Amino acid sequence: EPMPEVSLSLIKGFQLDKGAAIIDIGGGDSFLAEFLVSEGYTDITVVDISSKAIERAKERMCEKADSINWIVADASEFKPQKQYDLWHDRATFHFFTDAGEKENYLKTLKKAVKPGGYVILATFSE
């Protein structure tokens, strides 16, 4: 979506510090990271399985892209190197159909979110 209004509204509602660590799972070609940078957030990571989606986002964002940590990885196998204040996933988890993928994803999420941190997980199917 060109303007991720719901996600931005939820994130603003948490009243996070601008230096809070935010990760966007499956956000390669989304506009969320770009809007977060524009809002002054400084510690943003984007994970996507598609290197092409990440490249499109980098081209669109120009110099803003340099302030984002871009990671090409399958979210069910991703191993974060740090913990995050906010885990955002607007359209990745529901694509996992294998129980092992779901279990790996959820284990990673639980380890990667700081105590007291937040999770935004939007799915489009049960």
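The values are calculated or read from the model by the stated rules, or taken from the named source; none is laboratory data. Only a predicted model underlies this, so the values are computations on that prediction, with no experimental measurement involved. Cβ sites come from the backbone with ideal geometry, for glycine too, and all protein chains shown count toward neighbours. Only protein heavy atoms, including side chains, enter the accessible area calculation; ligands, DNA and RNA are left aside. Shrake-Rupley method; radii C 1.70, N 1.55, O 1.52, S 1.80 Å.
One table, with the values for the structure above:
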item	result
Average accessible surface area per residue within the chain, 1.4 Å rolling probe, Å²	56
Prolate/oblate/rounded label for the range 46-102 (Cα gyration tensor, a/c 1.5)	prolate
Leu10-Cys62 FRET efficiency (beta carbon distance; Förster radius 30 Å; 0.05 resolution)	0.65
Relative contact order (%) - the chain, alpha-carbon pairs under 8 angstrom, separation at least six	25
Value at 222 nm in deg cm²/dmol, rounded to 500, when DSSP H runs of n ≥ 4 in the chain each add -39,500 (n - 2.57)	-9500 deg cm²/dmol
Net dipole in debye of the range 1-96 [+1 Lys, Arg Cβ; -1 Asp, Glu Cβ; about Cα centre; nearest 20]	60
Carbon/sulfur fraction of accessible area - the range 1-103, other protein chains in place, 1.4 Å, %	51
Reciprocal of mean inverse Cα separation for the chain (Kirkwood radius, Å)	14.6
